[in-house]
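Participant: Structure provided below as structure tokens; questions to follow.
The values are calculated or read from the model by the stated rules, or taken from the named source; none is laboratory data. Fair warning: this is a prediction, and the values are worked out from it, not measured in the lab. Methodologically, a virtual Cβ is constructed for each residue, glycine included, from the backbone with ideal geometry; neighbour enumeration extends over all protein chains shown. Quick note on the areas: whole protein, heavy atoms, side chains included, nothing else; ligands and nucleic acids left out. Shrake-Rupley method; radii C 1.70, N 1.55, O 1.52, S 1.80 Å.
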Amino acid sequence: MSATILLTEDDAVLRAGLKELFTREGYAVAEAANVREAKARLSGQIDLIVLDVTLPDGDGVSLCREWRAQGVPQPILFLTAKDEEFDVVRGLDAGANDYVTKPFRMQELLSRLRALLRTAPARISRGVLEIDQANMQVRRDGEALPLTLTEYRVLLKLMERPGVVPRERLLETLWDDGAKFIDDNTLSVHISRLREKIGAEHIRTIRGVGYQWED
């Protein structure tokens, strides 16, 4: 599946040109002309954000800082006409991964996008749930769920592979992570709590074997 880029740029001509470039390279593109539209279009299906610094209803640096405070994990690349050191540092301190100054060379921009996508944290989406492994968070419809570390590890193991996960495999995973207090009964308790938090219909018990994730 091709990566999806959220392109936030208020210059309609430049935005159209970048969309054509990204589409030609095989990327899907979600467009935004301002802060309001960027917030509305950001979702778990976005893999990378290209963000203009100066926008008509705000600025990209503040938006980047807000997103990072909310736990948004996607790589962010700034497009900016400002190349002074202060502006560059301000953007990176806000949580951006990279920046390109205008005017820029198209091939350099594409190269930087590819580099960011290679290092993007893995995300697992199954139905309405998404695991953000970079921040060790689980979100349902974009809202973070209050899971314990052990619950997170159990859920990750269930969601990252299709089919039945044997109880022994779950126990081994938890022991490998240093949770030495975990035994079979304790695992059952964590499964029960997970079901309360994410919905019992998502974790199916395969009697005598283990558990299986259901979208």
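Participant: Any idea which of (1) at pLDDT below 85; (2) closer than 22 Å to ARG41 by Cβ is the one GLN74 doesn't satisfy?
Facilitator: Among (1) at pLDDT below 85; (2) closer than 22 Å to ARG41 by Cβ, the lone unmet condition for GLN74 is (1).
Participant: For LEU79, all conditions in the list (1) touching a residue at least 40 places away in the same chain (Cβ under 8 Å); (2) at positive phi hold save one; what is the number of the exception?
Facilitator: (2)
Participant: On to the next question. Take the residues of region 22-59 that are in contact (Cβ under 8 Å) with a residue 12 or more places away in the chain and assigned to a helix (DSSP H, G or I): which is most open to solvent (accessible area, probe 1.4 Å)?
Facilitator: Residue satisfying both the conditions and the ranking: ARG36.
Participant: What residue, among those in region 185-215 that are surrounded by 15 or more Cβ atoms within 10 Å (Cβ to Cβ) and of a type in the set (A, V, I, L, M, F, W, C), is farthest from the chain's Cα centre (by Cα)?
Facilitator: My answer is LEU187.
Participant: Would you confirm whether any residue within region 70-90 is in a strand (DSSP E or B), open to solvent by 50 Å² or more (accessible area, probe 1.4 Å), farther than 22 Å from GLU130 by Cα and touching a helix residue (DSSP H, G or I) at 6+ places or on another chain (Cβ under 7 Å)?
Facilitator: Within region 70-90, not a single residue is in a strand (DSSP E or B), open to solvent by 50 Å² or more (accessible area, probe 1.4 Å), farther than 22 Å from GLU130 by Cα and touching a helix residue (DSSP H, G or I) at 6+ places or on another chain (Cβ under 7 Å).
Participant: Being closer than 19 Å to LEU147 by Cβ and among the polar types (S, T, N, Q) is the filter; apply it to region 164-191 and report the residue that is modelled with the lowest pLDDT.
Facilitator: THR173
Participant: From the set of residues in region 99-113 that are outside any loop (DSSP other than H, G, I, E, B) and open to solvent by 30 Å² or more (accessible area, probe 1.4 Å), which is nearest to VAL61 (Cα to Cα)?
Facilitator: So the residue we want is TYR99.
Participant: Any chance region 81-91 includes a residue that's within 25 Å of GLN107 (Cα to Cα) and modelled with pLDDT of 90 or more?
Facilitator: Within region 81-91, none of the residues are within 25 Å of GLN107 (Cα to Cα) and modelled with pLDDT of 90 or more.
Participant: If you go through region 1-10, how many residues are touching a residue at least 40 places away in the same chain (Cβ under 8 Å) and either more than 14 Å from LEU109 (Cα to Cα) or small (Gly, Ala, Ser) (or both)?
Facilitator: Total meeting the criteria: 6.
Participant: Only residues that are closer than 18 Å to ARG114 by Cβ and of a type in the set (A, V, I, L, M): list them for region 14-43, please.
Facilitator: Of everything in region 14-43, those that are closer than 18 Å to ARG114 by Cβ and of a type in the set (A, V, I, L, M) turn out to be LEU18, LEU21, ALA28, VAL29.
Participant: Of the residues LEU48, LEU109, LEU63, LEU113, only one is in contact with a helix residue (DSSP H, G or I) (Cβ under 9 Å, 6 or more places away or on another chain), under 17 Å from ASP10 (Cβ atoms) and modelled with pLDDT of 90 or more; which?
Facilitator: Unique residue meeting the criteria: LEU63.
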